[in-house]
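Beneath this line is the structure, given in structure tokens, with notes to follow.
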Amino acid sequence: MLKIRITGTKKEREQLMQLLVELEKQQALTITSQSKEYVNRDQKTAREYIEVEL
């Protein structure tokens, strides 16, 4: 199991998530859990945590 921490703007996080979902579709990995915490009050910056199995 690998735990990935994703930080950055909403657009940056969405782009990386699209890549991870595409890898999951190709059966290169399996996303086992996902969580998010907001860093700023404006909720534009967040940290996302994703656990994957390779």
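The values are calculated or read from the model by the stated rules, or taken from the named source; none is laboratory data. Given the structure is predicted, the values throughout are model-derived calculations rather than measurements. All Cβ positions, even for glycine, are placed from backbone atoms using ideal geometry, and neighbour counts span all protein chains on display.
Within segment 8-24, being in contact with a Ser or Thr (Cβ under 9 Å, 6 or more places away or on another chain) and surrounded by 12 or more Cβ atoms within 10 Å (Cβ to Cβ) holds for Gly8, Arg13, Glu24. Which count do you get for residues in segment 1-43 that are in a loop (DSSP other than H, G, I, E, B) and within 22 Å of Glu53 (Cβ to Cβ)? Number satisfying all stated conditions: 5.
Are any residues in segment 1-26 of a type in the set (S, T, N, Q) and at pLDDT below 90, and if so, which ones?
Across segment 1-26, the qualifying residues are Thr7, Thr9.
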